[in-house]
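The values are calculated or read from the model by the stated rules, or taken from the named source; none is laboratory data. Model, not experiment: these values are computed from the prediction. No Cβ is skipped: glycine too gets one built from the backbone with ideal geometry, and neighbour counts run over all protein chains shown.
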Amino acid sequence: MSILRSINIYAGGVTGTWTAPLNLLDNSVLVECYGGGGAGARTGTTAYRGGGGGGGGAYSKAIMTVTPGVTYDIWVGLGGYFISTSEVTNGQDSTFTDDDESVCRGRGASSPAIGSYAATAGASFVEGDGDSGFSGGAGGNAQDISFCSGGGGGGAGGSSGAGTAGATGTPYSTYATGGIGGGGFAGNGGFGLYFSGNVVKGNWGLSFGGGGAGGYRITSSNNGGNGGNGLLRLTWKEGEGTTQAQGVEVNSLIMANLSGHPEKEGFYIVNKVLYYQFPVGTIYTVDVTEEA
């Protein structure tokens, strides 16, 4: 008998570690990385115009070689966000580095320039980022036309396919839809708004890795939506003799030695949830299932 374990690490923007358990089987771990989505564009100086949408983050997965008892570095990328009214960040990569210094990488997507009608492309899965993967979808463009909504954000690449593109902003449209994530934990893009009461900021991309929608200007500029944060998922097998989840340390918070709770014969679930305020937005979930 063996135990199949999986852990989702949603700790955007912090360096963390994972220690391979001593009873690890096959000296390997399945790593899945979702990159952060790009933010949508802040609007320019022309009234009644929207901004372009941010691209969706890419997805990659790989079976990585690890050694029991050894600690490995992980990074879960933040989505793009606004530092100020004149500066925006791009979505960040999510990465895991193994014994051979090989890196599994889910690439983060770029954010459009301030005042841009043009959207950004989704992040690409590049050969060497993992054994396989999918690219994120492009954001939707805005148009230099009065009462045109911001463009929708691109969907993130996921475990079953590429993210789709966000819709182009159109005049007098209620909103421009965001792209659809490519399965698994991939987030959809935010939707770009046309004037609706006082709601003129672009919607955020959804976790994990969705692109933010472009903002909309009435008489003053507004930010686009932030990109969705990335995700790093680890799955591995352990031998018999334990019903405890492997500890993970992220930003000085430690999840370790969580007792298994049998709900029926041969099946165990362990859950521990830790919350951070944005932009970290940390949640951990561990699922433990016994296998033949």
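Checked across the stretch 110-125, the condition of being aromatic (Phe, Trp, Tyr) and touching a Phe, Trp or Tyr at 6+ places or on another chain (Cβ under 8 Å) holds for at least one residue. Gly178 passes every criterion in (1) in contact with an Asp or Glu (Cβ under 9 Å, 6 or more places away or on another chain); (2) under 15 Å from Gly225 (Cβ atoms) apart from (1). On the basis of being assigned to a strand (DSSP E or B), among the small types (Gly, Ala, Ser) and buried (at least 24 other Cβ atoms within 10 Å of the Cβ), does Gly151 make the cut? So Gly151 does not fit the description; no.
Scanning the stretch 18-45 for residues that are part of a strand (DSSP E or B) and surrounded by fewer than 23 Cβ atoms within 10 Å (Cβ to Cβ) gives Thr19, Leu24, Ser28, Leu30. The requirement of being among the β-branched types (Val, Ile, Thr) and under 30 Å from Ile9 (Cβ atoms) is satisfied by Ile180. Take the conditions at pLDDT 95 or above, in a loop (DSSP other than H, G, I, E, B) and under 14 Å from the mean Cα position of the chain (by Cα) and apply them to Gly54. Does it pass? So Gly54 passes the test. Residues considered: Thr67, Thr15. Of these, the only one that is assigned to a loop (DSSP other than H, G, I, E, B) and of a type in the set (Val, Ile, Thr) is Thr67. Here is the figure for the stretch 123-175: residues that are at pLDDT below 95, hydroxyl-bearing (Ser, Thr, Tyr) and within 17 Å of Pro112 (Cβ to Cβ) total 1. Go through the residues of the stretch 216-230 one by one and say whether even a single one is closer than 30 Å to Asp129 by Cβ, at pLDDT below 90, buried (at least 20 other Cβ atoms within 10 Å of the Cβ) and among the polar types (S, T, N, Q). No, that holds for no residue. Of all residues in the stretch 117-136, those being assigned to a loop (DSSP other than H, G, I, E, B) and crowded, with 22+ Cβ neighbours inside 10 Å number 10.
Taking (1) more than 23 Å from Gly189 (Cβ to Cβ); (2) in contact with a Pro (Cβ under 8 Å, 6 or more places away or on another chain) in turn, Tyr81 satisfies each apart from (1). Asp73 fulfils the conditions (1) surrounded by fewer than 17 Cβ atoms within 10 Å (Cβ to Cβ); (2) assigned to a loop (DSSP other than H, G, I, E, B) except for a single criterion, (2).
Scanning the stretch 82-99 for residues that are out of contact with any strand residue (DSSP E or B) (no Cβ under 6 Å at 6 or more places or on another chain) and in a loop (DSSP other than H, G, I, E, B) gives Thr85, Ser86, Thr89, Asn90, Gly91, Gln92. Within the stretch 175-193, being under 19 Å from Tyr48 (Cα atoms) and assigned to a loop (DSSP other than H, G, I, E, B) holds for Thr177, Phe191. For Gly139, state whether it is out of contact with any strand residue (DSSP E or B) (no Cβ under 6 Å at 6 or more places or on another chain), of a type in the set (Gly, Ala, Ser), surrounded by fewer than 24 Cβ atoms within 10 Å (Cβ to Cβ) and in a loop (DSSP other than H, G, I, E, B). So Gly139 fails the test.
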